[in-house]
Amino acid sequence: PAALCGITGLKPSYGRVSRYGMIAFASSMDQAGPMARTAEDCALVLSAMAGSDALDSTCSDQPVPNYADTLEQSISGLRIGVPKEFFSHTLDAAVADAIDRAIKELEQAGATIVDVSLPSTDLGVSTYYVIAPAEASANLSRYDGVRYGYRCENPADLEDLYTRSRSEGFGPEVKRRILVGTFTLSAASYDQYFMKAQQVRRVIANEYDTVLDNVDVIAGPSAPNTAFVLNDQSKSITDMYMEDVFTIGANLAGLPAISVPAGLVNGLPVGMQLIGRRFDEARLLNIAHQYQKRTDWHTLSPDLGGLV
C-alpha cells in the first residue's frame, strides 16, 4: 500500500512489534509497522512501537535501539544486492527504469551495487497463498457473532446466526481466503499443499539469508506495476495476487523491509523496496533517509481538487 500511495512504509522483522490487540490473519507472518511521509517519521514511530510484550508470545525481547540516532550515518561502503529475478518480464518497463534510477542514486551516495540471485522468487506468491489462507481459516473461525465480531440482526436460530454473521461480516476476498485455507488444511490436501508450501517457504528464507550474508541489504521494486483502477474488471484474481511478488519473500522469511517513493509513471507513484537482515531496521531506515535527502519524491502530494 505504501508504494501505490507514494508514502514510506516499514514492515518490521517478525517479532519486533507486539501484535497484541490485532485481529490475527496469518499468525506466522503478521507484523505491524508504521506508514508515514518520510523514513525519519517511520523511525520515530517504530521507536515507540517496538519492544517485548508479555501479552504476545511471538514478540522478541531483543533490545530496541533509538532508530532516529543512526539516520544520518553515511551509507558509503554499504553493499546493496539487486536480485536479477526482481527485474523479470513481470516488471513494467517504466517502473524498472524508475527503480534503476533510484538504485543509481544510492550508488552515487557511496553504496556498492552487487548483482545477486533469489531463484525461488516466482514461487513466493503461490507459497504465500497456501500458507496465509490456511492460517487465516483457523484464526477467523473464532468470529461467530457470539462473543465478538460482527453479529447479524434478528437471527432465526443459532445456525442462522453463524451463517449470516460470517456471510454478511466478511467481504469476498476474506471469504475466498477462508475457503482456500480450509481446503488446504483438509486431510486430503494437507500433505500435498500445506506441507509442501512450508518446505518451499524454508527454501525461500534460506535464499534470503544466503544473499544477506554477503550484502547489507537487498534493493528492488516494491510492486511490478503502479496502482490499478479500483474494481478493475480486466484484472483477474491471480493478476492481483502477483502484485505482491516482490514483497512476499520478506514476509515468508520474517525479514524487515521498507518501501520508499522512487518516482512517478504516468503520474502514479513507484516504490523502491529495501530488505534487511532480521532486526536490522535501523540500517533500512538509515539508507531510506539518506535516499530521501537526495530526492524529493516523498514530498509530492496528489492533486485532489477534482475529488473534493
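Read-outs throughout are calculated quantities, based only on the coordinates presented, and are distinct from any laboratory measurement. The structure presented is a predicted model; accordingly, all values stated were derived computationally and were not measured. A quick note on method: Cβ atoms are made from the backbone with ideal geometry, for glycine too, and the neighbour counts reach across all protein chains shown.
Rounded to whole Å, give me the distance from the Cα center of region 1-17 to that of region 215-278. The two parts, judged by their Cα centres, are 11 Å apart. Ignoring aspartates and glutamates fewer than eight residues from LYS235 along the same chain, the ones with Cα atoms less than 18 angstrom from its Cα are ASP92, GLU173, GLU243, ASP244. Entry for region 45-94 at q = 0.13 Å⁻¹: log10 I(q)/I(0) = -0.67, Debye formula applied to identical alpha-carbon scatterers, no solvent contribution.
For region 44-151, what class follows from the C-alpha gyration tensor (a ≥ b ≥ c being the square roots of its eigenvalues): rounded when a/c is under 1.5, otherwise prolate if a/b is larger than b/c, else oblate? Oblate. For region 44-53, backbone phi angles converted through the Karplus equation (6.51, -1.76, 1.60; θ = phi - 60°) give residue-by-residue couplings of 5, 5, 4, 4, 7, 7, 6, x, 6, 8 Hz, Gly and Pro being listed as x. A cut-off of 5 Å between modelled amide H atoms, ignoring neighbours fewer than 5 places along the same chain, links THR112 with GLY77, LEU78, ARG79, ILE80. If you run the Gaussian network model on the chain, springs between alpha carbon atoms under 10 Å, then out of THR226, THR121, THR238 the most flexible one is THR238. Each 20 Å bin, from zero up to the one with the longest distance, holds this percent of the alpha carbon pairs of the chain: 30, 57, 12, 0. Compared with the dominant principal axis of the Cα atoms in the chain, helix 93-108 is inclined by about 50°.
When the square roots of the Cα gyration tensor eigenvalues are ordered a ≥ b ≥ c, the ratio a/c for region 222-308 is 1.5 or more and a/b does not exceed b/c, which makes its shape oblate. Cβ-to-Cβ counts within 10 Å put CYS152, CYS59, CYS42 in ascending order as CYS152, CYS59, CYS42, the fewest first. The amide H of MET272, built 1.01 Å from its N in the peptide plane, has SER222, VAL260, ALA262 as neighbours under 5 Å, considering only residues 5 or more places off or on other chains.
The alpha carbon centroids of region 46-85 and region 97-138 are separated by 18 Å. In degrees, nearest 10, range 0 to 90: what is the angle between the Cα axis of helix 124-139 and the longest Cα principal axis of the chain? Here the helix axis deviates by roughly 40 degrees.
Leaving out same-chain residues fewer than 8 places away, which lysines sit with a Cα under 22 Å from that of LYS293? Within the straight-line limit of under 22 Å, LYS293 reaches these lysines: LYS11, LYS104.
Among rounded, prolate and oblate, which fits region 122-259 when a ≥ b ≥ c are the square roots of the eigenvalues of its C-alpha gyration tensor, a/c under 1.5 means rounded, and a/b larger than b/c means prolate? Don't jump to the answer; show the numbers that get you there.
On the way: a/c = 2.43, a/b = 1.74, b/c = 1.40.
It is prolate, given that a/c is not under 1.5 and a/b is the larger ratio.
For region 124-229, applying the loop criterion from DSSP together with a ceiling of 15 other beta carbons within 10 Å to the GluC sites (Glu not before Pro) yields GLU153. The long axis of helix 158-169 is offset from the longest Cα principal axis of the chain by roughly 30 degrees.
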